[in-house]
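Participant: Questions regarding the structure given below will be posed in turn.
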Amino acid sequence: DSGVTQTPKHLITATGQRVTLRCSPRSGDLSVYWYQQSLDQGLQFLIHYYNGEERAKGNILERFSAQQFPDLHSELNLSSLELGDSALYFCASSASRDTEKLFFGSGTQLSVL
Amino acid sequence: TQLLEQSPQFLSIQEGENLTVYCNSSSVFSSLQWYRQEPGEGPVLLVTVVTGGEVKKLKRLTFQFGDARKDSSLHITAAQPGDTGLYLCAGVWPLGTDKLIFGTGTRLQVFP
């Protein structure tokens, strides 16, 4: 158990819908990272937050947004969903601002039908 | 094109065999990390290599960072079924940012 909690574990929805994925980092970790994993693209970096502030952005679509709240949990919002958004979404946390050691959650499997 | 290319993409071997997985880039990295991901789980960090030419051993796993810090390898001796999983290398790119990018991955299956 990495100590990072992601909910829900599975999500099935329809095209055009909006969903919110939630991540609770390990106790005391200030950094939260979001990744998307698909068979054809591998593990893709989406966004990094440190202590509530956005620190780095990857190839995150404009339809996707994220935030980190004062209690350090984070949410990833995906809107106007398309079939191609079906993937595993991982959250990871680390104690510091740098990427020295990331602890990953078990992921949310999103299926867009 | 991925910045970190891994080879082979798939590897299927018998228990007791040795294997090597490669992680290559045309760019220089300050350090490279290796993760293992099992089905239904997130990646778990195995090791970080920092110095060019560095060799680190973790039981039956040997990690090497290339002298030019553009590549790394993972060698497993006497593979066991418990080694089965997806092996990923990762590094920060661009340098000085907070973006940890992952390689294309090597899926290893070890049969008893």
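The values are calculated or read from the model by the stated rules, or taken from the named source; none is laboratory data. Being a predicted model, the structure only gives us computed values, none of them experimental. Note: ideal-geometry Cβ built from the backbone for every residue, glycine included; neighbour counts use all protein chains shown.
Participant: Being of a type in the set (A, V, I, L, M) and in contact with a Phe, Trp or Tyr (Cβ under 9 Å, 6 or more places away or on another chain) narrows it down to one of B:Leu108, B:Leu19, so name that one.
Facilitator: Values: B:Leu19 fails: in contact with a Phe, Trp or Tyr (Cβ under 9 Å, 6 or more places away or on another chain).
It is B:Leu108.
Participant: Any residue in region A:36-52 that is within 11 Å of chain B (Cβ to nearest Cβ), over 17 Å from B:Lys99 (Cβ atoms) and among the acidic types (Asp, Glu)?
Facilitator: yes
Participant: Here is a list of conditions, (1) closer than 22 Å to A:Ser93 by Cβ; (2) within 16 Å of the chain's Cα centre (by Cα); (3) surrounded by 18 or more Cβ atoms within 10 Å (Cβ to Cβ), and B:Asp98 meets all of them except one; can you say which number that is?
Facilitator: (2)
Participant: With a cut-off of at least 1 residues that are at pLDDT 95 or above and at the interface with another protein chain (Cβ under 8 Å from one of its Cβ atoms), name the strands (runs of 3 or more DSSP E) lying wholly within region A:56-113.
Facilitator: Strands (runs of 3 or more DSSP E) meeting the threshold: A:87-94.
Participant: Scan (1) in contact (Cβ under 8 Å) with a residue 60 or more places away in the chain; (2) touching a strand residue (DSSP E or B) at 6+ places or on another chain (Cβ under 7 Å) for the single condition A:Ser80 breaks and write down its number.
Facilitator: Of everything listed in (1) in contact (Cβ under 8 Å) with a residue 60 or more places away in the chain; (2) touching a strand residue (DSSP E or B) at 6+ places or on another chain (Cβ under 7 Å), A:Ser80 misses just condition (2).
Participant: For region A:53-87, which positions are of a type in the set (Lys, Arg) and more than 16 Å from A:Val112 (Cα to Cα)?
Facilitator: A:Arg55, A:Lys57
Participant: Next question. Looking at region A:50-65, which of its residues are touching a Ser or Thr at 6+ places or on another chain (Cβ under 6 Å) and either in contact (Cβ under 8 Å) with a residue 24 or more places away in the chain or on the phi > 0 side of the Ramachandran plot (or both)? Before you say what the answer is, go through the steps one by one.
Facilitator: First, the residues of region A:50-65 that are touching a Ser or Thr at 6+ places or on another chain (Cβ under 6 Å): A:50, A:56, A:63.
Selection gives A:Tyr50 alone.
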